[in-house]
1. Using 0.36 nm per residue of separation minus the Cα-Cα distance, give me the extension gain between Leu98 and Lys19 in nm, one decimal.
2. What fraction, in whole percent, of alpha-carbon pairs in the stretch 12-183 exceed 23 Å separation?
3. Can you give the extra length, in nm with one decimal, that the chain gains between Gln309 and Glu165 once fully stretched, where that is 0.36 nm per residue apart less the Cα-Cα distance?
4. Using R₀ = 60 Å, calculate the FRET efficiency as 1/(1 + (r/R₀)^6) where r is the Cβ-Cβ separation of Glu351 and Ala233; round to 0.05.
5. Straight distance only, please: which aspartates and glutamates reach the Cα of Lys19 with their own Cα at less than 15 Å, same-chain residues fewer than 8 apart left out?
6. When a footprinting reagent is the concern and you count Cβ atoms within 10 Å, what order do Ile407, Ile62 take, fewest first?
7. Percent antiparallel among DSSP beta bridges with both residues in the chain, to the nearest 5?
8. Too long at a 32 Å Cα-Cα cut-off: which of Lys323/Lys376; Lys251/Lys445; Lys251/Lys323; Lys235/Lys263; Lys263/Lys445?
Amino acid sequence: MAAQKSTESESTRFGLSFKLITMIIAMILVVEVVIYLPSVANFRIRWLDDRVQVAGVAARVIETVPDTMDLTPEMVSNLLQSARAEALVIRKAGRSQLIERSDMPMPVATFAADTRDRDAPALILNALDIIFRGSDRTMRIIGQPADAPDTIVEVLMSEAYLREEMLVYSRNIFWLSLFVAVATAAAIFLFLNRLLVRPIRRMTRNMISFRETPEDAHRIIQPSGRSDEVGMAEKELAMMERDLYSMLRQKQHLADLGLAVAKINHDLRNTLSAAQMLSDQVATLEDPQVQRLAPRLVTTLDRAINFAQSVLDYGRQKSEPPKFLPVDLRALIDESSIDAGLYANQNIGFENNVPDDMIINVDPDQFSRIFVNLMKNAREALENRAAGAEGGIVAILFEETPDAIHIDVQDNGPGLPPRAKENLFVAFEGSGRAGGTGLGLVIAKEISEAHGGQLSLVPTEKGTHFRVKLPVSAAA
Ligand SMILES: Nc1ncnc2c1ncn2[C@@H]1O[C@H](COP(=O)(O)OP(=O)(O)OP(=O)(O)O)[C@@H](O)[C@H]1O
Ligand SMILES: [Mg+2]
């Protein structure tokens, strides 16, 4: 019990709730990374567009100045500062104009960022490049201001401004994502917990408690009345537990009853044995009336004793598991044939085809009862034939195949009567002869199965053919 308890707590250490919440958070984070990539690329391109627009405004301001020579260093500095640029190039109608500070050397651009190129994967790669590889490189932004379609501007500036803003943007997105993931996971978790986890836990607890004492009707689960799959599972579980509970009670009653029957039966058999002795003595009396009735009295008593004995055997046999020993099969079958009364009848021949030295692992007492029952049935069937029928034969056949051992009992009698065929292997139902209990075949089948094998009827044209099939592992 202790070991089972510990497996239970081990398996619930990472229970459904834990797995659910980690899976939900992981899934939301993956989704958010997928959304983040295009949005940061979009942020970058909008930022660059803004630079191009500002540069466009600067270009128009310069156009109003009749001669570039008139631009004072102060004006240039203001213009560049408003665009946060180091230098500007304005190209219009084949002419290009460079606006740079005179007090600083002209910087050299490390890479170009062309805003006219809107290829999505490239945008994402460029954005990642600035975030992960960027520092303070100089970039050349190229673009077309929206209100001056015939002008191309180039802005030379440090990427540091862009990178700084992209990092802030990414950080904000990260915190927002984390918040959304946790909030969504919590909401989904609460919902699923109510919907699934709690009812499943309740059922699991109930199963464990019911398994401990299935005789206690209070432990049968009360279905919550939900109309979905969980409700159905609860209803089915309740039904199963109720069935189990009543089956268990029934079995207990039957066991008590069986014990009582066995006791009565035992006494009955002894009383009948006493009556049998008396009837044997009565049969020796010379009174013709007695002579006529005595044989019937004797057979009736014989049957009654037989019946009592078979029922006792049946009850006893069920409870004991086989004790396996190496056994000489041929000898075991020979002994069984004697117990089955085959030698007592001169008109019935017996053939034992089991090879010498065939040793198998079985419970000799139980296993021989299979063959005593089968051969006794064969003898009884052969004896009950009309006078003048051909000589009766009971044969034992043996075959060892790669996956089983077959031991067959065959006779050339009349075959199974319909009643026996219809109730084959049903206790008390399958007897086709007067005074039969209908237990012989049932017992033989149960013993075969307890040995890991099977007993079956092999269809034949004539006579009866039963097969005991044992697993190959039975061969010693
Ligand atoms: N070899 C056989 N040939 C013909 N009928 C058979 C043969 N074996 C069994 N039967 C039929 O099957 C019936 C059931 O057999 P089973 O051994 O189970 O019960 P039983 O012989 O009637 O009673 P008991 O419990 O005393 O053996 C028999 O009554 C008989 O009619
Ligand atoms: Mg029988």
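1. On the way: separation 79, 0.36 × 79 = 28.44 nm, distance 6.22 nm.
Full-extension gain reported as 22.2 nm.
2. Details: 7416 of 14706 pairs.
Percent of Cα pairs beyond 23 Å in the stretch 12-183: 50.
3. Values: separation 144, 0.36 × 144 = 51.84 nm, distance 9.91 nm.
Stretched fully, the Gln309-Glu165 segment lengthens by 41.9 nm.
4. Details: r = 59 Å, r/R0 = 0.98.
In this case the efficiency is close to 0.50.
5. Glu10
6. Details: Ile407 26, Ile62 17.
Ranking Ile407, Ile62 by Cβ neighbours within 10 Å, fewest first, gives Ile62, Ile407.
7. Working: 42 of 51 bridges.
Rounded to the nearest five, the antiparallel share is 80 percent.
8. Working: Lys323/Lys376 24 Å; Lys251/Lys445 22 Å; Lys251/Lys323 26 Å; Lys235/Lys263 42 Å; Lys263/Lys445 25 Å.
Pairs exceeding 32 Å: Lys235/Lys263.
Rule-based calculations on the coordinates, nothing more; no lab input. In this text the structure is predicted, and so the values were computed from the model without any measurement. In this analysis, Cβ positions are derived from the backbone assuming ideal geometry, glycine residues included, and neighbour counts consider all displayed protein chains.
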